[in-house]
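One structure is given below, encoded as structure tokens.
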Amino acid sequence: MALATGKKKERLSLRFPFVQKGMRYGEVDVPFFLTVLALLVMGIIMMFSASYAWAIAEGYDGTYYAEEQIKSGAVGLILMFVLSVVDYRIYRTPLIAIGSYVVPVILLIIVLIAGTSAGGAQRWLVIGSFNFQPSELMKIGLVIFFSYLIEMNYGQMQKFRTGILPYLVAMGIVAFLLMLEPHLSCTILIGLIGMTLIWVGGARPRHFLILILVGVAAVLAIVLFLSVFEGYDYIQVRLQSWLDPFSDSQGGTWQTCQSLIAIGSGGLFGLGLGESRQKFLYLPETKNDFVFSIVCEELGFAGALTVVLLFALLVFRGFRIASQATDKFGMLLAVGFTMHIGLQAFLNIAVVSNLVPNTGISLPFFSYGGTALILQLAEMGVVMNISRTRYKSPSYTSGRKKKSEAETAEA
């Protein structure tokens, strides 16, 4: 600890082992932290506005979902703070890195055997009063596992056998288990995160192109194959909703149709906070996948653009933190966790606006879901810790040098 003596005051900061010379420690990326905080606060407010009508209809108090989300947000903030001061290099130990992939895979197998079903999908594990989706853990686990493997084999990433094949097999196992639930949106998201890490990790462009072609072909083949089986016919309905959202507005395309009505009703500045009409049991899943539709209806284009810009700022600052990381592992972790939030936000907004078919994906920090919110804030805590162990920037170095010279002259 640094202590203040006389008129000379130095910033108190924690020191951790393995912090290399030439690094600065203790300065969290403030814009990144404030962006996360802004998204969290705005998300809880909008989720409350979007959920209270459905909460009353389901027999709860109107504030039920908001109260639960606030509790989860509080836990998530505490975990984010803790992880922001825990040296991220601990995740590089083989036991943690490999376990972060193996444990979620085991849980994905268990959920297929003893999981709880809802809406035709078997995705939840229930332990007492606590329930969660192992797929949420898989998003984090894959980032840690791939970051570890890529750093350990960085010199071999140019070879297809070592730079593509192992990661393709790992993603294939996860995709197979997720599609048995089924959980198409998470399959796509994890695939995109994995491919991003492989590309940033140094894979050859030609090999990476082959990976993309194989991935796209595999997804299309799985979708077309499963769509003919009972229980997977929802895929055809969602494709129809995407191609012509008003073709069956009283039936299969109801959700997409109502979402577009909500977005269109908002205009430039919206109907006003709390004044949405579509949330009164017209638009399903307003507290989950379609909360952004209510943002558009109540806050208009201006509010929707604010949300988009906040996510864009989070991604920008996350990439900046990654570019200043002191090692490849930290860089890959920051890229992976940032891409998770950025890609998931993009896919959700694309779904509710009918840019892509409805895949049932939530909006980070906004959609209701305690486990997801806690884990998302935990990821942000890790990125914040990476931001605290950066190389000295030229401005920082020169500033410290000038300060030191001034203190010497004064003495």
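Which is within 19 Å of Gly330 (Cβ to Cβ), touching a Lys or Arg at 6+ places or on another chain (Cβ under 8 Å), at pLDDT below 95 and surrounded by 14 or more Cβ atoms within 10 Å (Cβ to Cβ), of Asp29, Asp87?
Asp29
Being open to solvent by 10 Å² or more (accessible area, probe 1.4 Å), at pLDDT 95 or above, in contact with a Gly (Cβ under 7 Å, 6 or more places away or on another chain) and farther than 15 Å from Glu136 by Cβ, is that true of even one residue in region 347-366?
No, because not a single residue in region 347-366 is open to solvent by 10 Å² or more (accessible area, probe 1.4 Å), at pLDDT 95 or above, in contact with a Gly (Cβ under 7 Å, 6 or more places away or on another chain) and farther than 15 Å from Glu136 by Cβ.
Give the residues of region 367-392 that are modelled with pLDDT under 95, under 21 Å from Ile321 (Cα atoms) and open to solvent by 10 Å² or more (accessible area, probe 1.4 Å), sorted by residue number.
Answer for region 367-392, where residues must be modelled with pLDDT under 95, under 21 Å from Ile321 (Cα atoms) and open to solvent by 10 Å² or more (accessible area, probe 1.4 Å): Arg388, Arg390, Tyr391, Lys392.
For region 239-291, which positions are surrounded by 22 or more Cβ atoms within 10 Å (Cβ to Cβ), of a type in the set (Ser, Thr, Tyr) and not in a loop (DSSP other than H, G, I, E, B)?
Ser241, Thr256, Ser259
Find all pairs meeting these conditions: Cβ atoms under 6 angstrom apart; at least six residues apart or on different chains; first residue within region 103-121 and touching a residue at least 40 places away in the same chain (Cβ under 8 Å) and more than 13 Å from Ser135 (Cβ to Cβ); second residue open to solvent by less than 60 Å² (accessible area, probe 1.4 Å) and outside any strand (DSSP E or B).
Taking only residues 6 or more apart or on different chains, not a single pair turns up.
Would you check which residues across region 173-218 are in contact (Cβ under 8 Å) with a residue 12 or more places away in the chain and of a type in the set (Lys, Arg) and list them?
Selection gives Arg204 alone.
Checking Leu79 against (1) touching a Phe, Trp or Tyr at 6+ places or on another chain (Cβ under 9 Å); (2) under 19 Å from Gly370 (Cα atoms); (3) among the aliphatic types (A, V, I, L, M), only one condition comes out false. Which one?
(1)
Does at least one position in region 326-334 carry a residue that is hydroxyl-bearing (Ser, Thr, Tyr), more than 20 Å from Ser362 (Cα to Cα) and either open to solvent by less than 20 Å² (accessible area, probe 1.4 Å) or under 19 Å from the mean Cα position of the chain (by Cα) (or both)?
Yes, the conditions are met somewhere in region 326-334.
Pairs, please: C-beta under 8 Å, at least 6 apart or cross-chain, first residue touching a residue at least 24 places away in the same chain (Cβ under 8 Å) and over 13 Å from Glu275 (Cβ atoms) and in region 46-62, second polar (S, T, N, Q) and crowded, with 21+ Cβ neighbours inside 10 Å?
Short answer, once both residue conditions are applied: Met47/Gln69; Met47/Ser367; Ser51/Thr286; Trp54/Thr286.
Evaluate the following for Leu314: is it at pLDDT 95 or above and open to solvent by 10 Å² or more (accessible area, probe 1.4 Å)?
no
Of the residues that sit in region 110-131 and are modelled with pLDDT of 85 or more and under 11 Å from Thr371 (Cβ atoms), which one is least open to solvent (accessible area, probe 1.4 Å)?
Leu125
The values are calculated or read from the model by the stated rules, or taken from the named source; none is laboratory data. Remember, predicted model here, so these are calculated numbers, not experimental data. Backbone-built Cβ (ideal geometry, glycine too); neighbour counts: all protein chains shown. Heavy atoms of the whole protein, side chains included, go into the accessibility calculation; ligands, DNA and RNA do not. Shrake-Rupley method; radii C 1.70, N 1.55, O 1.52, S 1.80 Å.
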